[in-house]
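Structure first, then comments.
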Amino acid sequence: LTYYIQRNRKPEHKLELRLVVKAGSILEDEDQQGLAHFTEHMAFNGSTHFKKHELVSYLQSIGVKFGADLNAYTSFDETVYILPIPTDRPENVARAFQVLEDWAHGLAFDDEEIEKERGIVLEELRLGKGAGDRIGKKVWPKIFNGSRYAERLPIGKEEVLRSFKPDTLRRFYRDWYRPDLMAVVAVGDIEPAQAEKLIRAHFGKLKNPSPARPRTYAEIPRREDTEAVIVTDKEAGGNSILIRYPVQPVREPDTVRGYREQLVESLFTGMLGGRLQELAQQAEPPFLRGGSALAKLTPFYKSFNASAAIGPGGAPKAIDALVRENERARRCGFSSAELERAKKDMMRSFERAYAEREKTDSNAYVGEYMRNFLQQ
């Protein structure tokens, strides 16, 4: 198990806890599509030390609200459990680490509770249906170049959610919720030695299954040809254009040179964004809003994207403007005035962050530790 501890007094008398699992929908077998997310739901439906409803009731009694504070999410490659806890009473802190341990290896998976939760998850899937869902199902396979990511959307498949057997859900939990794929993050108003003692007490006895299934990451294949896709839907809330350039592997900046490249990329994005914003403010703009930037598709792949909300000028005008501005930057770069302005803006943001470093909220540190664990 990996763990991260940092004492931070902003906000006072509060501890941010996370259980981070390197397992999401991408690892689901054919008969498990949607069960990574379903497992997350079951974390609030009974465990070794908390009966059904007991966990939520207890946490609400000490001021932790379900949804607003206590929460969780499932994505392609990870599942994260979020537990902020007040530290004014030591017994509450100790019990919070018991909650994390139960999530890690003590979920009850009671057959009756699984059946009750099935209806809730199916309703969540139903509410998610609409123009966005229909468009996404046509667009995602193209954006991901036909990779497994397009076949493993976290909400899953309705037929699987309706018919899966409880043991199929338990199999996902048994295979992937294990110490080598988990991290505990504890940031807040707590003595680090106390936090470490609690982590060792609750997680020290966990063992990996033997044999353990290999944790692999899906690849996104290289696209050989340019392709145009037009998707229409009567319920679409607006018209937009996306130009997705070739996918490339992510290389996190773990050297000074890598950090410099990240700064250059940030300056580039800011300057190009400024140009596109100016175009959107013209009397007859080519688009309503536009942007161009490198963006992550998954933790280990990124692509350069150009996008715009289409205005009265239609798609051709928006495409022309996006391609022209991207090509202008590629061929000619930027003016010294643009670069100086972007540098000053960046320096101001760094100086402001440094001046307020003692006021940094625990959540900011939590995000960095999660990034370290999930993406190195």
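In table form, for the structure just shown:
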read-out: Close pairs (6 angstrom Cβ cut-off, 6 or more residues apart or separate chains): in contact (Cβ under 8 Å) with a residue 40 or more places away in the chain in the range 260-273, open to solvent by 40 Å² or more (accessible area, probe 1.4 Å) anywhere; value: MET271/PHE334
read-out: Enumeration of residues in the range 221-257 that are closer than 30 Å to PHE373 by Cβ and open to solvent by less than 80 Å² (accessible area, probe 1.4 Å); value: PRO221, ARG244, TYR245, VAL247, GLN248, VAL250, GLU252, PRO253, THR255
read-out: Boolean, GLY136 is under 22 Å from the mean Cα position of the chain (by Cα) and open to solvent by less than 70 Å² (accessible area, probe 1.4 Å); value: yes
read-out: Neighbours by Cβ (under 7 Å, 6+ apart or cross-chain): first from the range 13-36, closer than 19 Å to ARG171 by Cα; second basic (Lys, Arg); value: LYS22/ARG215; SER25/ARG152; ILE26/ARG148; ILE26/ARG152; GLU28/ARG152; GLN33/ARG152; GLN33/LYS157; GLY34/LYS157
read-out: Residue in the range 359-375 that is over 30 Å from ILE26 (Cβ atoms), in contact (Cβ under 8 Å) with a residue 60 or more places away in the chain and not β-branched (Val, Ile, Thr) present; value: yes
read-out: Boolean, ALA193 is closer than 30 Å to PRO11 by Cβ, in contact with a strand residue (DSSP E or B) (Cβ under 6 Å, 6 or more places away or on another chain) and either assigned to a helix (DSSP H, G or I) or in contact (Cβ under 8 Å) with a residue 40 or more places away in the chain (or both); value: no
read-out: Residue among PRO166, PRO141, PRO90, PRO179 that is open to solvent by 70 Å² or more (accessible area, probe 1.4 Å), over 21 Å from GLY67 (Cα atoms) and of a type outside the set (Asp, Glu); value: PRO90
read-out: Total residues in the range 54-85, condition in contact (Cβ under 8 Å) with a residue 60 or more places away in the chain and crowded, with 18+ Cβ neighbours inside 10 Å; value: 9
read-out: Top-ranked residue in the range 196-212 [being in a loop (DSSP other than H, G, I, E, B) and not small (Gly, Ala, Ser); ranked as surrounded by the fewest Cβ atoms within 10 Å (Cβ to Cβ)]; value: PRO211
read-out: Helices (runs of 4 or more DSSP H) completely within the range 35-137 that count 3 or more residues being touching an Asp or Glu at 6+ places or on another chain (Cβ under 8 Å); value: 35-42
read-out: One residue from GLY128, GLY119 being modelled with pLDDT of 95 or more and open to solvent by less than 60 Å² (accessible area, probe 1.4 Å); value: GLY119
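The values are calculated or read from the model by the stated rules, or taken from the named source; none is laboratory data. As the structure is a prediction and not an experimental result, all values here were calculated from the model. Backbone-built Cβ (ideal geometry, glycine too); neighbour counts: all protein chains shown. We work out accessible area using only protein heavy atoms, side chains counted, and drop any ligands, DNA or RNA first. Shrake-Rupley method; radii C 1.70, N 1.55, O 1.52, S 1.80 Å.
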